[in-house]
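The next block holds one structure in the form of structure tokens; read it before the comments.
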Amino acid sequence: MTTISDVKPHEKVVVTKTTSRFVLGIILSTLSGVMLLLSFPPYGIWPLMWVGFVPYVFAQYRLMPFKWSSLAVALASLFWLGPFLARLFGTEVGFFFTYLGIWIAILNLFISKDRKFQEITRYRWMVLFGVVNFVGFEMVRATFIPLVATSAFVGYTQAKQAWLIQPVSIFSVYGLDLLIMLVNYSLALGVIAWFDHHWKSVDAAPVDARMARNWLAIAGGILAAWIIVSMVMFNRAADQPRVRVAALRPNFPFPAFQDEVNSSQVRFDVFAAQAREAAAQGAQVLYTPEMMFNFDPQKEFTEDFRAVAKETGTYIFITYVISQEGEPWRNEAVLLTPLGEFLDVYGKNHAFGEPPTAMNGVFPVYETPLGNLATLICHDANYTDVTRKLVGNGAQVTAAPIREFGGFGEQYWTNALFRAVENRTAMVVSGVSTISAIINPDGSIVELDSDSNGSRATLVGDVTLGSGPTPYTSLGDILGWLSLAGFIFFMVFQSVTESRARKAAKVNQS
């Protein structure tokens, strides 16, 4: 039996040092999670995203015990995605999604086991591994996890920095995400190299200082080039005509077909009052939020709508939902002209928790004297394909109506803003109670009104007509797909490398 008094002094020092590093690793990993959380709305401290991964990556590779290195990733995920996704989804979509961030943190505890691979390869692949794995997994969830889609993409934190995000029209949000992760992992590698120079770890292969400097130079050079290109593009934006638009936010939190308080007449009266208010401020195009009415305006209240359009002289995007037994589910929008003519119907394409809309797969663009107008609906803006198709058909101003739930309103405008920059189309976000936004094609914000408590608002502003399509409109998410390919490659490469190392170790032992 060994007592405390039997432990040698140097062993006590080693235990103390190990414990201290472990505690510091926990603190730094938690710090990373908090920094990443604060970089997103409603906090919006955007510079934190460029360094937010560094503390936990350093902790993962130098402070945590080898067997517990994945705890650093888990803690960062817990303190970032835990509160972020709980706030995003609220309680409306069920227990699983409310606590999705916790499940992700637990999963990371078991799957983030790449420290051995980095040790075997002497950290040669650490930066590329970290970058493509992260963005590759973003591509996975944007493609195969419907409700999440692109929400929480790291690039969205830069939404208010129009001067910085212009190359997205070439490289997409995936390009910006790759750059952000390149900067983070290069900085982390530099910190690890500095640490190894001052405090050598007996259980870790040291990082080559020259390699770390090279990665820092590469990341710094690409970042500088990105900023220069972005500022040139931002300052050379085409001088396009403007149109005055209005987002009508009625503060009816429930979708029309589930609203037992506000009748169709009440909803129409509020709409008509807001339409007149917007027209009095010079608005020429009016936008209603998703599921504003529970009837087809071409069959009910038809003459009332026409009267409002003629009185105000405006183009009106009317959103509605049809949920009647024996009829196809319809979550749609239709454009009504000042002459009282209804144009082609648009049906929501990306529905989660809803039946497919009968009119999905059609992407109408309406040519008007004011410009080419179009609409998508809610979740369509969380994906990249719908806006791309609309702009390919000529859209210059695109509506983004949403029925927000949980904290989606806080984040949704950032997603819509990136769809605007990617394709050079203006975007008008019209929420039911918490969010309204008018966004220029270059991502500059004309008007933004966010109220987490919910309120009625009529947001009016002059928006520039889009000049798209852009290179991205044609190229699509090619960088996302390449990142996914890299993600798969490293899964295989890591497995093969570690398998070979185990075989070599057995041979040496024998």
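The table for this structure:
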item	result
Neighbours by Cβ (under 6 Å, 6+ apart or cross-chain): first from segment 87-103, over 19 Å from residue 38 (Cα atoms) and modelled with pLDDT under 90; second in a loop (DSSP other than H, G, I, E, B) and open to solvent by less than 50 Å² (accessible area, probe 1.4 Å)	92/405
Pairs, first under 11 Å from residue 61 (Cβ atoms) and assigned to a loop (DSSP other than H, G, I, E, B) in segment 195-208, second open to solvent by 90 Å² or more (accessible area, probe 1.4 Å) and not hydrophobic (A, V, I, L, M, F, W, C), C-beta under 6 Å, six or more apart	205/122
Matching entry among 119, 92 (being open to solvent by 20 Å² or more (accessible area, probe 1.4 Å), over 22 Å from residue 206 (Cβ atoms) and acidic (Asp, Glu))	92
Failed item, numbered, when residue 248 is tested on (1) closer than 30 Å to residue 445 by Cα; (2) surrounded by fewer than 22 Cβ atoms within 10 Å (Cβ to Cβ)	(2)
Which listed residue is under 20 Å from residue 179 (Cβ atoms) and either more than 16 Å from the chain's Cα centre (by Cα) or without any contact (Cβ under 8 Å) to a residue 24 or more places away in the chain (or both), from 53, 40	53
Single residue of 480, 466 found to be in contact with a helix residue (DSSP H, G or I) (Cβ under 8 Å, 6 or more places away or on another chain), open to solvent by less than 20 Å² (accessible area, probe 1.4 Å) and within 30 Å of residue 251 (Cβ to Cβ)	466
Within segment 313-339, tally of residues that are closer than 21 Å to residue 397 by Cβ and in a loop (DSSP other than H, G, I, E, B)	5
Filtered residue count, segment 379-403, keeping only those that are part of a helix (DSSP H, G or I) and more than 24 Å from residue 138 (Cβ to Cβ)	0
Residue count for segment 365-378, restricted to those that are assigned to a loop (DSSP other than H, G, I, E, B) and either crowded, with 19+ Cβ neighbours inside 10 Å or hydroxyl-bearing (Ser, Thr, Tyr) (or both)	4
Whichever residue in segment 404-414 is in a loop (DSSP other than H, G, I, E, B) and open to solvent by less than 20 Å² (accessible area, probe 1.4 Å) and, among such residues, is nearest to residue 316 (Cα to Cα)	404
From 449, 442, residue being within 21 Å of residue 150 (Cα to Cα) and either open to solvent by 10 Å² or more (accessible area, probe 1.4 Å) or not in a strand (DSSP E or B) (or both)	442
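The values are calculated or read from the model by the stated rules, or taken from the named source; none is laboratory data. Small disclaimer: the values here were computed from a predicted structure and weren't measured. Cβ: placed from backbone, ideal geometry, glycine included. Neighbour counts: every protein chain shown. Side chains included, ligands, DNA and RNA excluded: accessible areas come from the protein's heavy atoms. Shrake-Rupley method; radii C 1.70, N 1.55, O 1.52, S 1.80 Å.
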